[in-house]
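Data block below; observations after.
The values are calculated or read from the model by the stated rules, or taken from the named source; none is laboratory data. Keep in mind that what you see is a predicted model, and the values were worked out from it rather than measured. Here the Cβ positions follow ideal geometry from the backbone for every residue, glycine too, while neighbour counts run over all protein chains shown.
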Amino acid sequence: MLSIAILGSGKGSNAQSIIDAIKAGTLNARIVCVLADVQDAFILDRARQNGIPAYYIDCAPFKTKLEGAAEQKVIDILKKHGADLIVLAGFMRMVKSGLLRAFPGKIINIHPALLPNFPGLHSWKQALDGGAKVTGCTVHFVDEGMDTGPIILQKEVPVLAGDTPESLHARIQVQEHIAYPEALRLISEGRLRIEGRRVVVTN
């Protein structure tokens, strides 16, 4: 059984989709802990409501990255709970080399765009501003770049006439909640293999 640790910063709707898939029996995994860099992040409440150990990590003095003492604390907690795979679910910090070395090839993220298009923040707004006809979401392995790791899977979302950033983001999130459990199923079943920059899905 896959032992998952989730890192987040906000409401945790993707974490909830993973919890729901496990409860439904469609994902053979367990969530061993949830960590957040925001003290009152609702993702921590979701974890506690489901009996999952939940931790707030103070990442000061850094604003946008997980590094230094906070990074080491995260690594210690993840190892203490026996995490096999680290799942970033709305974690609004750059993961740095220490965590990547501690869990090589074992960290994944979901991004609300069809990478390599529109990396970084507010990608749904980038898609609208860029005149995209189709956007979506991407589950990918994490490397030291910003949203540059090997892609596991993607889900497309059409950009509709009259879309606002809010309406488009909401539809992308619907697909995220499908994509993340699906990607985790592939991993839990041992059906993914990384070949250079490519992820190969096996039967």
query: Scanning for something assigned by TED's automatic domain parsing to the domain that holds MET1, touching a His at 6+ places or on another chain (Cβ under 8 Å) and on the phi < 0 side of the Ramachandran plot, does the range 43-54 turn up at least one residue?
result: yes
query: Is it the case that LYS155 is modelled with pLDDT of 95 or more, in contact with a Leu (Cβ under 9 Å, 6 or more places away or on another chain) and among the basic types (Lys, Arg)?
result: yes
task: Would you mention how many residues in the range 144-164 are in a loop (DSSP other than H, G, I, E, B) and either farther than 22 Å from LEU7 by Cβ or touching a residue at least 12 places away in the same chain (Cβ under 8 Å) (or both)?
output: 12
field: In the range 7-42, the residues that are surrounded by 15 or more Cβ atoms within 10 Å (Cβ to Cβ), touching a Leu at 6+ places or on another chain (Cβ under 9 Å) and assigned to a loop (DSSP other than H, G, I, E, B)
entry: GLY12, LEU27, ASP37, VAL38
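Mind listing whichever residues of the range 167-203 are part of a loop (DSSP other than H, G, I, E, B) and either modelled with pLDDT of 95 or more or among the small types (Gly, Ala, Ser) (or both)?
Result: GLY190, GLY196.
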task: Go through the residues of the range 43-52 one by one and say whether even a single one is modelled with pLDDT under 95 and either outside any loop (DSSP other than H, G, I, E, B) or in contact with a Leu (Cβ under 8 Å, 6 or more places away or on another chain) (or both).
output: no
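Quick grid of which residues meet (1) more than 26 Å from THR64 (Cα to Cα); (2) touching a strand residue (DSSP E or B) at 6+ places or on another chain (Cβ under 7 Å); (3) not hydroxyl-bearing (Ser, Thr, Tyr):
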position	(1), (2), (3)
ASN109	no, yes, yes
ASP147	no, yes, yes
PRO158	yes, yes, yes
SER167	yes, no, no
ARG171	yes, yes, yes
ILE178	yes, yes, yes
ARG185	yes, no, yes
GLY196	yes, no, yes
statement: Across (1) buried (at least 19 other Cβ atoms within 10 Å of the Cβ); (2) modelled with pLDDT of 95 or more; (3) not assigned by TED's automatic domain parsing to the domain that holds SER9, GLY149 clears everything bar (2)
message: Going residue by residue through the range 61-74, is there one that turns out to be surrounded by 13 or more Cβ atoms within 10 Å (Cβ to Cβ), touching a strand residue (DSSP E or B) at 6+ places or on another chain (Cβ under 6 Å) and over 30 Å from ARG191 (Cβ atoms)?
response: yes
- prompt: For residues in the range 4-55 being among the hydroxyl-bearing types (Ser, Thr, Tyr) and within 20 Å of GLN72 (Cα to Cα), which is nearest to the chain's Cα centre (by Cα)?
  reply: SER9
